[in-house]
Amino acid sequence: MLNEKVAALCNEQINKEFYSAYLYLDIANYYADQGLDGFANWYTIQAQEERDHAILFLQYLQNNGERVTLEAIAKPDKEFNCHRCALEVGYEHEQYVTSLINTIYEAAHEAKDFRTMQFLDWFVKEQGEEEKNADDMLKKYDLYGSDPKGLYSLNSELAARVYTAPSLTL
Ligand code: MG
């Protein structure tokens, strides 16, 4: 059995990761509506990754004898009414998720729960990548997005993103 607080935070994280998937689907919907199918593709794949993260937390708890509780997933409530605004929402959200992972890590460290710390190591690294990806999106948009031809090229680049399963297996 895991430390009670650590297990509770991991269980909450399942919901937060599913919420992330929901938020990214909402962003994908916005871009699809704008005719930016490449941006929509990028965020749809991002949503798939978040769903994977949720399942990894779920499996980790199951593998450690914990009874998982699934809660309602909140409605995506972020406002974004411009192409860049949606990217900003994505970047801010990843910074928030990093803080959530850090909070669980802190609790695991405090409880000397080395197993959970090792499990979370992958997520610590993953969050570094997620923040960089979200920041890169903003940088690319600022470089190319204001010009129709540049936006077209960027959209085409993002259309090429393909889903890959997470490198972490349990
Ligand atoms: Mg995630």
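The values are calculated or read from the model by the stated rules, or taken from the named source; none is laboratory data. Every value quoted in this text rests on a predicted model; they were computed, and no experiment measured them. Neighbour counts are summed over all protein chains in view; Cβ atoms, including those assigned to glycine, are modelled from backbone coordinates with ideal geometry. Side chains included, ligands, DNA and RNA excluded: accessible areas come from the protein's heavy atoms. Shrake-Rupley method; radii C 1.70, N 1.55, O 1.52, S 1.80 Å.
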key: Selection within region 1-49 - farther than 18 Å from Val97 by Cβ and of a type in the set (Gly, Ala, Ser)   = Ala7, Ala32, Gly35, Gly38, Ala40
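Quick check on region 129-142: of everything there that is open to solvent by less than 50 Å² (accessible area, probe 1.4 Å) and either within 15 Å of Ala86 (Cβ to Cβ) or more than 12 Å from the ligand (Cβ to nearest atom) (or both), which residue is farthest from the chain's Cα centre (by Cα)?
The residue in question is Tyr141.
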query = Just to be sure, is Thr169 out of contact with any Asp or Glu (no Cβ under 6 Å at 6 or more places or on another chain), closer than 30 Å to Gln59 by Cα, among the β-branched types (Val, Ile, Thr) and without any contact (Cβ under 8 Å) to a residue 12 or more places away in the chain?
reply = yes
request  = Show the residue pairs that are 6+ apart or on different chains and have beta-carbon atoms under 9 Å apart, the first residue being within region 46-59 and within 11 Å of Leu25 (Cα to Cα), the second being open to solvent by 10 Å² or more (accessible area, probe 1.4 Å) and not in a helix (DSSP H, G or I).
outcome  = Gln46/Arg161; Gln48/Tyr163
inquiry  = Filter region 119-170 down to the residues that are assigned to a helix (DSSP H, G or I) and of a type in the set (Val, Ile, Thr) and list them by number.
reply    = Val124
Test for Tyr163: is it in contact (Cβ under 8 Å) with a residue 12 or more places away in the chain, under 17 Å from the mean Cα position of the chain (by Cα) and farther than 24 Å from Ala8 by Cβ = yes
request  = Within region 119-128, work out how many residues are over 13 Å from Pro166 (Cα atoms), within 14 Å of the ligand (Cβ to nearest atom) and open to solvent by 30 Å² or more (accessible area, probe 1.4 Å).
outcome  = 2
message = Cβ-Cβ under 6 Å, sequence separation 6+ or interchain: first residue in region 1-22 and more than 18 Å from Thr116 (Cα to Cα), partner open to solvent by 30 Å² or more (accessible area, probe 1.4 Å) and of a type in the set (Gly, Ala, Ser). Which pairs?
response = Tyr19/Ala74
